1. Could you check, for region 100-116, whether at least one of its residues is surrounded by 16 or more Cβ atoms within 10 Å (Cβ to Cβ), part of a helix (DSSP H, G or I), in contact with a helix residue (DSSP H, G or I) (Cβ under 7 Å, 6 or more places away or on another chain) and of a type in the set (S, T, N, Q)?
2. Can you find even one residue in region 78-87 that is more than 16 Å from the chain's Cα centre (by Cα), among the hydrophobic types (A, V, I, L, M, F, W, C) and in a helix (DSSP H, G or I)?
3. Inspect all residues belonging to region 194-203 and state whether any of them is without any contact (Cβ under 8 Å) to a residue 40 or more places away in the chain, under 14 Å from the mean Cα position of the chain (by Cα) and surrounded by 14 or more Cβ atoms within 10 Å (Cβ to Cβ).
4. Conditions first: (1) under 21 Å from residue 140 (Cβ atoms); (2) over 23 Å from the mean Cα position of the chain (by Cα); (3) free of Cβ contacts under 8 Å to residues at least 60 places away in the same chain. Residue 191 passes all but one, so which condition is the exception?
5. Evaluate the following for residue 75: is it within 19 Å of the chain's Cα centre (by Cα) and of a type outside the set (A, V, I, L, M, F, W, C)?
6. On the given criteria, is residue 224 buried (at least 17 other Cβ atoms within 10 Å of the Cβ), within 21 Å of the chain's Cα centre (by Cα) and among the aromatic types (Phe, Trp, Tyr)?
7. Of the residues 119, 48, which single one is buried (at least 19 other Cβ atoms within 10 Å of the Cβ) and either among the aromatic types (Phe, Trp, Tyr) or assigned to a helix (DSSP H, G or I) (or both)?
Amino acid sequence: MHTNLLTGSWFWFLSFVIVGADIIIAFVLLFGVHRALLGLGRTKADRVRIVSILGIVLFGWLGLALFLGWQGIFRSALNQQVPYIALAIGIPILVGALFIRGSKQVREIIEAVAQSQLVAFQFYRVLGVTFLVLYAAGQLPGIFALPAGLGDVMVGLTALMVGARAARSENDQLVTLWNWLGISDLVIAIATGFLSAASRFQIFSLDAPNVLIGSFPLVMVPIFAVPLSIVLHLASLSKIWAVHRSVMKQAVSA
């Protein structure tokens with residue numbers, strides 16, 4: 001068993017906040033899907049089946065992430081040809097994107113969820129303030145913590161404003177801009193976290209590698225919350241693209 005870098009109250013507080021937030025996010029997501037299925041007029045049996053399958057996937061993924069994070073396999077990538085944390089981030093994003101593109105049922109569920117709700121849901125990104133707190137405490141390098149923390153807080157706060165605006169009137173341009181800003185924030189966080197952590201690719205924070213981001217409980221952010229957030233951004237964008245494709249088909253057939 002590895003030794004955690006955070007000790008005492010720091011460790012237990014962050015574990016409670018991060019793991020608790022992940023569990024709540026998963027439950028709220030399942031509730032949203034259930035509401036969407038109701039809106040589609042699906043039978044109770046269909047709703048139970050789909051929500052159960054999604055719940056198994058979400059909580060199975062979360063459980064695996066918790067186990068691997070606790071075991072400390074993402075703490076250092078110095079002896080890994082391909083950093084395991086890169087696979088833990090990339091594979092869920094790829095799988096989510098494939099389901100959004102290739103599953104008619106997934107697209108129907110996304111279509112049934114209001115864009116305003118899909119956007120506002122990412123208010124949880126304000127928890128990125130954790131990075132700023134840890135930076136102020138000298139636990140994280142600024143090259144990672146500042147852009148990741150400030151970016152997440154900005155995206156989380158604007159999620160409520162953009163979501164409220166989308167509820168009042170459709171504004172695809174504003175939602176599209178917000179989604180790409182949200183994705184850009186996550187890409188920057190991934191890049192700076194990766195390049196400041198201990199691996200053969202490290203170029204930042206060489207005197208004090210960013211070991212904490214690969215250690216439990218903070219590692220739950222890149223291996224669960226980040227991929228989930230990117231998939232949610234893709235789902236939101238897919239709603240916009242679907243409308244645009246429909247309009248173009250109507251224009252061509254007219």
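1. Yes, region 100-116 has at least one match.
2. The answer is no; no qualifying residue exists.
3. No, region 194-203 has no match at all.
4. (2)
5. It is false that residue 75 is within 19 Å of the chain's Cα centre (by Cα) and of a type outside the set (A, V, I, L, M, F, W, C).
6. So residue 224 fits the description; yes.
7. Checking each option against the conditions leaves just 119.
Rundown of residues vs (1) under 19 Å from the mean Cα position of the chain (by Cα); (2) modelled with pLDDT under 95, yes/no style:
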{"site": "50", "(1), (2)": "no, yes"}
{"site": "91", "(1), (2)": "yes, no"}
{"site": "98", "(1), (2)": "yes, no"}
{"site": "102", "(1), (2)": "no, yes"}
{"site": "105", "(1), (2)": "no, yes"}
{"site": "116", "(1), (2)": "yes, yes"}
{"site": "119", "(1), (2)": "yes, no"}
{"site": "139", "(1), (2)": "no, yes"}
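The values are calculated or read from the model by the stated rules, or taken from the named source; none is laboratory data. All values reported here derive from a predicted model rather than from experimental measurement. Heads up, the Cβs are rebuilt from the backbone with ideal geometry, glycines too, and the neighbour counts pull from every protein chain shown.
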